[in-house]
1. Toward the positive end of the charge dipole of the stretch 36-169, about the Cα centre and with charges on Cβ (Lys, Arg +1; Asp, Glu -1), which of F51, V97, H78 goes farthest?
2. Run the quick spin-label model on D111 and Q236: label points 7 Å from Cα toward the beta carbon, then report their separation in nm to one decimal.
3. Just grab the label-to-label distance for A254 and Y62, each label 7 Å out from Cα along the Cβ direction, in nm (one decimal).
4. Tell me the net charge near F5. Cut-off is 13 Å between Cβ atoms, F5 excluded, with +1 for each Lys or Arg and -1 for each Asp or Glu.
5. Please get the size of the charge dipole for the stretch 2-269, origin at its Cα centre, with Cβ charges of +1 on Lys and Arg and -1 on Asp and Glu, quoted in debye to the nearest 20.
6. Relative contact order (percent) for the chain, with alpha-carbon contacts under 8 angstrom and 6 or more residues of separation?
7. Farthest toward the dipole's positive end in the stretch 92-197, which of W181, Q125, N169, given Cβ charges of +1 (Lys, Arg) and -1 (Asp, Glu) about the Cα centre?
8. Extending each Cα 7 Å along its Cβ direction at E12 and I140, get the distance between those two points in nm, one decimal.
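Derivation of every value follows stated rules applied to the coordinates shown; laboratory data play no part. These numbers were taken from a predicted model, which means no experiment stands behind them. As a convention, Cβ positions derive from the backbone with ideal geometry for all residues, glycine included, and neighbour counts pool all protein chains shown.
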Amino acid sequence: MKLTFLGTAAAEGWPALFCECEGCKQALKNGGKDIRHRCAYVIDNDTMVDFGPDTYAQCLSYGIDTANIRRLLITHSHTDHFTPKELDWRSRGYSKVEHDLDLYANQHALDKLPAVLFKPLDQLQPWRLIPHLVKPGDCIEDGDIRFTAILADHAGPEQLPLNYIIERNGSTIFIGNDSGWWCEESWNILSRFKLDIAVIECTYGVRFKEHTVKHMGADCTVAARDEMQKRGILKQDAIVVATHFSHNCQDLHADFEAFFNPKGITVAYDGLVLEK
Ligand SMILES: [Zn+2]
Ligand SMILES: [Zn+2]
Ligand SMILES: [Zn+2]
C-alpha cells in the first residue's frame with residue numbers, strides 16, 4: 001500500500017492559527033517540513049483516513065484526485081479530523097461523480113452530517129454518500145481492503161474514538177492518531193496483526209514527553225513502539241512513524257528528528273509518502 005501524509009499537525013495547525021509564540025514564528029520562518037496542516041492520510045489514491053479542514057488544499061498540493069476516493073474512514077468527530085460540510089460538494093448540483101463514497105465513522109461523527117447536509121442519514125443518495133457506523137472491534141471488508149477498528153483513548157467516553165488497522169494485498173498499516181495509551185482490549189486486537197507501517201501520534205512532543213492520557217508525548221510514542229515490538233505486532237522491517245504534533249510542544253522538525261531518529265522512528269511531515 002501507498003500511504004500519503006496529507007497533514008501532520010494537531011487541531012490548531014503548526015504554525016497555529018492566530019498564534020504568535022516563538023515556536024510558531026520560527027516554523028513560519030523555516031517553512032518546509034515545519035509547516036504542518038491538520039492530520040489526514042490517503043491510501044493508494046482511493047481511500048482516505050480523516051477529512052479535516054485542510055484536506056482539499058492538501059490533495060491539490062500532492063496531486064491527489066478526490067474523484068478517485070471510494071471510502072473515507074473517520075477516526076472521530078473533532079473538527080481537525082472531520083469537516084463534513086466539505087462533503088456537500090459531492091451533491092449532484094456541484095459534482096459529476098458517478099460512484100458512491102462509503103463513509104465509515106462512529107455515531108458521534110455520523111451525527112454531524114444531518115446538521116450540515118440538512119437530510120437524515122438514510123437520505124444521502126443525492127451526495128452518493130453511504131454512511132456506515134463503526135464500533136471498536138468491528139472488522140469490515142470493502143472490496144479488496146479490510147479494516148479493523150480499535151478503541152482509542154481520546155475525547156469523552158461517549159464518543160468511542162477509533163484507530164484503524166488497514167489491510168490490502170498482504171500489507172498492513174495502522175493509523176493511531178488521537179489516542180493516549182491504548183486499553184488492554186485494543187492492545188489485544190492489535191496483537192493479532194503484523195504491521196508493515198505503524199503510525200503513532202505524538203501531540204505533546206518532546207517537551208511534554210511523559211504525557212500518556214488522551215494524547216501522547218514523545219516517550220509514550222516510543223513506549224507504544226516498544227510494546228508493539230514486545231508483542232510481536234511489527235514485521236521485521238516495519239516503519240514506525242510519529243505524527244499529529246501540537247505547536248504547544250514548541251519542537252521543530254529538526255528537534256523531532258534528533259529525538260526520534262536514533263530510536264528508529266520516522267518523523268512524519270506533510271507530503272511524506274511511504275510504500276510497503
Ligand atoms: Zn487531532
Ligand atoms: Zn504557537
Ligand atoms: Zn481529537
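1. V97
2. Calculated label separation equals 4.9 nm.
3. Result: 2.5 nm between the two label points.
4. Numbers: positive: K2, K33, R36, R38; negative: D50, D54, E201, D270, E275.
My count for the surroundings of F5 gives -1.
5. 280 debye
6. Relative contact order of the chain: 19 percent.
7. So the residue furthest toward the plus end is Q125.
8. 3.2 nm
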